[in-house]
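Beneath this line is the structure, given in structure tokens, with notes to follow.
Quick note: the coordinates plus some simple rules give every number you see, no bench work behind them. Quantities reported herein were computed from a predicted structural model and do not represent experimental measurements. No Cβ is skipped: glycine too gets one built from the backbone with ideal geometry, and neighbour counts run over all protein chains shown.
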Amino acid sequence: MTNCSFCEKPAVYVNPISRLAYCKRHFIEYFERKVRRTMRKYNMLSEDEHIVVATSGGKDSLSLLHILVKLSRKNPKWRITAVLIDEGIKGYRERTVENLVKYAEIRGIPYVVAGFKEYIGMTLDDIIEEGRRRGLPYMPCSYCGVFRRHVLNQVAREVRATVIATAHNMDDIVQTYLMNIISNSWERVSALTPVRSEESGGFIKRIKPFYEVPEKESALYAILNNLVKPEFIQCPYVKYNVRFTVRRMLNELEDKYPGAKYGLLRSLQAIVPVLKGRVDSRSRYNCLVCDEPSSQKVCRACLYKMQLGLLEAEKIGFILDKAKSDKALASLLKYYSSNSNSEKVL
Amino acid sequence: MVMRVVVIRVKILETNQQVELDVKSTTVRELLLRLGLTLSEHIVFKNGEVITEDDIVEDNSEVVVFTVKSGG
């Protein structure tokens, strides 16, 4: 039996780097202290905020919701709304929705469940089928990521949030970092910061309070607080995901060389200021169709919708009309139409 | 030769597998290694309680291995 380094009770966690052991009580204290410190260090929240917590109902997001709800007791001017994006993945999402609803209802926390079906026009399952039928070249996770972000922004604006908190943990961040190095996407690397805010374009500030938290710690926090049951629920589309392989590789590296993931996080933090001003990561436009901030004149979500036949005819007419006198827009639309076998989309 | 009848039973939630290991005692770390599972992705339970990778699992015990990775 391993004992806690602080009180001799049975340990539930040994930090692989410091080798300190923590019992349940001391682990929870350690975890919350780390998250509070991260939030302070990066100036994530002010005294008066309406925080939208992007909650999937999984371990990370319920841990985030739990700790923010706990902290809000000491910050009376914080309002919290949990937002769950229901992509419509049969046999998967229903189960995590239940976790959130149960959690929020017991504690009286306002929550919104926003479906792809109502906001995009189709469930993710149907989008993937339609994309395949039309010969579109995208992986399930591409649609999901783009549309999820789009719907989350929309809902956050509808509820008048001042900030969106997401539960991306250190593992997520370093995996994305490595994936973007592999694909030579430095503008995406420069966006991997703990806080994202933009003065213009109605972009709502985004924060990642778990930026320095390993996935295992946030999972353990969820389990020790009874937020989720130790059962394995996996998205059926995950096998199509590059992240799947990168994650495995990084965890094997971490086991051999404890601290490797922290090292990558530090490497990311060192490169971001160097990239500043050299790669263009800021959204310069507001999408002509939906008005969301975008790096192109029409945002990715609207381009996907167009290719899937989910954009209304008058909106397509409007952008085609604009494209007549706008070469950049015309070539963007051409690119997106030549990316599919269905040129009839346009 | 004496036949050993006591083993460590491991339930792996991710793959829904039940594995029996014929070892007298082992640390959780070695156990995961033998099963080809990484330390950073797994939490191990014994009798419903979380145990650490430094803990020792003995003959005739049952452990549950929970994979921490996010859904997708």
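Under 8 Å for C-alpha pairs, at least 6 residues apart: give me the relative contact order for chain B, rounded to a whole percent.
39 percent
Compute the angle between helix A:170-182 and the longest alpha-carbon principal axis of chain A, please, reported from 0 to 90 degrees and rounded to the nearest 10.
Rounded to the nearest ten degrees, it is 40.
For n ≥ 4 DSSP H runs only, could you compute -39500 (n - 2.57) per run for chain A, divide by its residues and tell me the 222 nm figure to the nearest 500?
Value at 222 nm, helices only: -15000 deg cm²/dmol.
Step through the residues of the stretch A:30-46 one at a time and calculate ³J(HN,Hα) from phi using the Karplus curve (6.51 cos²θ - 1.76 cosθ + 1.60, θ = phi - 60°), rounding each to whole Hz and writing x for Gly and Pro.
Per-residue couplings from phi come out as 4, 5, 5, 5, 4, 5, 4, 5, 4, 5, 5, 4, 9, 6, 6, 10, 9 Hz.
Counting only residues 5 or more places away or on other chains, whose amide H sits under 5 Å from the amide H of B:V57 once H atoms are built in the peptide plane?
When sequence neighbours closer than 5 places are left aside, the close amide H contacts are B:T26, B:T27, B:V28.
For chain A, what is the relative contact order in percent, using Cα pairs closer than 8 Å and at least 6 residues apart in sequence?
Relative contact order of chain A: 18 percent.
Tell me the relative contact order for the stretch A:5-51 as a rounded percent, counting alpha carbon contacts under 8 Å between residues six or more apart.
In percent, rounded to a whole number, it is 25.
Provide the gained length on full extension for the span A:K324 to A:Q269, in nm with one decimal, where the gain is 0.36 nm per separating residue minus the Cα-Cα distance.
Taking A:K324 through A:Q269 to full extension adds about 15.5 nm, to one decimal.
Averaged over A:247-260, how many beta carbons belonging to a partner chain fall within 10 Å of each residue's beta carbon?
Mean number of neighbouring Cβ atoms from other chains: 3.
Return the whole-Å distance between the Cα centroid of the stretch A:207-284 and the Cα centroid of the stretch A:35-57.
A separation of 18 Å, based on Cα centres.
Going by a ≥ b ≥ c, the root eigenvalues of the Cα gyration tensor, does the stretch A:24-275 fall in the rounded group (a/c under 1.5), the prolate group (a/b larger than b/c) or the oblate group?
rounded
Collect residues whose amide H, placed 1.01 Å from N in the peptide plane, falls under 5 Å from the amide H of A:A82; neighbours closer than 5 in sequence don't count.
Distant-sequence amide H within range of A:A82: A:V53, A:Y111, A:V112.
R0 = 56 Å: FRET efficiency of A:N3 with A:V101, Cβ-based, nearest 0.05?
0.90
Hey, what do the phi angles of the stretch A:8-19 turn into as Karplus ³J(HN,Hα) couplings, whole Hz, using 6.51/-1.76/1.60 and θ = phi - 60°, x for Gly and Pro?
6, 6, x, 7, 10, 8, 10, 5, x, 8, 7, 6
Once both labels are modelled 7 Å past Cα along the beta-carbon direction, what's the A:F244-A:I182 spacing in nm?
Label-label distance for A:F244 and A:I182, simple model: 1.2 nm.
Ranked from highest to lowest mean number of other Cβ atoms within 10 Å per residue, what is the order of the peptides A:126-132, B:11-17?
Peptide ranking by packing, descending: A:126-132, B:11-17.
Let me confirm one metric for peptide A:209-221, namely the mean number of other chain beta-carbon atoms within 10 Å of its residues' beta-carbons.
2
With both partners inside the protein assembly as shown, how many of the DSSP beta bridges are antiparallel, as a percent to the nearest 5?
Bridges in the protein assembly as shown are about 50 percent antiparallel.
Could you work out how far apart the two model spin labels at A:Q234 and A:K41 are, taking each label as a point 7 Å from the Cα in the direction of the beta carbon, and quote it in nm?
Distance between the two pseudo-spin positions: 3.2 nm.
Could you run the Karplus curve 6.51 cos²θ - 1.76 cosθ + 1.60 with θ = phi - 60° over the stretch A:250-256 and give me ³J(HN,Hα) per residue in whole Hz, x for Gly and Pro?
Whole-Hz 3J(HN,Hα) from phi for the stretch A:250-256: 5, 6, 5, 5, 4, 5, 6.
Can you list the lysines whose alpha carbon is less than 23 Å from that of A:K334, not counting same-chain residues fewer than 8 positions off?
Qualifying lysines at Cα under 23 Å: A:K297, A:K305, A:K315, A:K322, A:K324, A:K344.
If you take every DSSP beta bridge fully contained in the stretch A:1-108, what fraction is antiparallel? Give it as a percent rounded to 5.
Percentage antiparallel, nearest 5: 35.
Can you give the average number of partner chain beta-carbon atoms within 10 Å of each beta-carbon in peptide A:5-14, as a whole number?
Mean partner shielding for this stretch: 3.
Could you calculate the contour length gain from A:Q154 to A:S142, that is, 0.36 nm times the residue separation minus the distance between their Cα atoms, to one decimal place in nm?
2.5 nm
Using alpha-carbon positions, what is the distance between the centroids of the stretch A:312-329 and the stretch A:81-101, in Å?
36 Å
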